[in-house]
């Protein structure tokens, strides 16, 4: 995996057979009240008799499978994320689309929120593959979502580029053997 510079450069994606973007913080900024989402997640756990005091949202997501609450927690998070996607802000990097190569989105947000944001900002027709947190059994920084996105685009990992805004994105790319560019 190579870090190929910073994404504020003139968006030169030459040399790659596909480009995959993270969504939130890269193409758009979701208008999600993450504190409210975390509060709703804690309430879900507590309604089912599980102590969730002081747990962070992503900690709860990791625990959800163990306590049989994954689908219910996904529904809670999807509601917050999808409404946040409907009110999202388009970021400058979205102006680089369409690209001359197949393009995908690989996000820690749910797939419905990704699709809502892409539609809202007239980007959906420029993105051939969307993989959200709930599209495959694991989520970033596990490489499986990024690899699934590239596979859907028909591109092998060493011919793709992942563009993101977080350390989690960089780790995902590294684990997948995909070049990475920071935004």
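Each value in this text was obtained by applying a stated rule to the coordinates, not by laboratory testing. Quick caveat: nothing in here was measured; it's all calculated off a predicted structure. FYI the Cβ positions are ideal-geometry reconstructions off the backbone, even for glycines, and counts take in every protein chain you see.
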- For segment 122-167, name all the residues that are closer than 23 Å to residue 87 by Cβ and surrounded by fewer than 18 Cβ atoms within 10 Å (Cβ to Cβ). 122, 124, 125, 126, 166
- (1) surrounded by 12 or more Cβ atoms within 10 Å (Cβ to Cβ); (2) in contact with a helix residue (DSSP H, G or I) (Cβ under 9 Å, 6 or more places away or on another chain); (3) over 30 Å from residue 13 (Cβ atoms): which one isn't true of residue 71, the others all being true? (1)
- Message: Please count how many residues of segment 92-126 are closer than 26 Å to residue 33 by Cβ and either in contact (Cβ under 8 Å) with a residue 40 or more places away in the chain or assigned to a helix (DSSP H, G or I) (or both).
- Response: 21
- Output the residues belonging to segment 128-167 that are under 10 Å from the mean Cα position of the chain (by Cα) and part of a helix (DSSP H, G or I). 145, 146
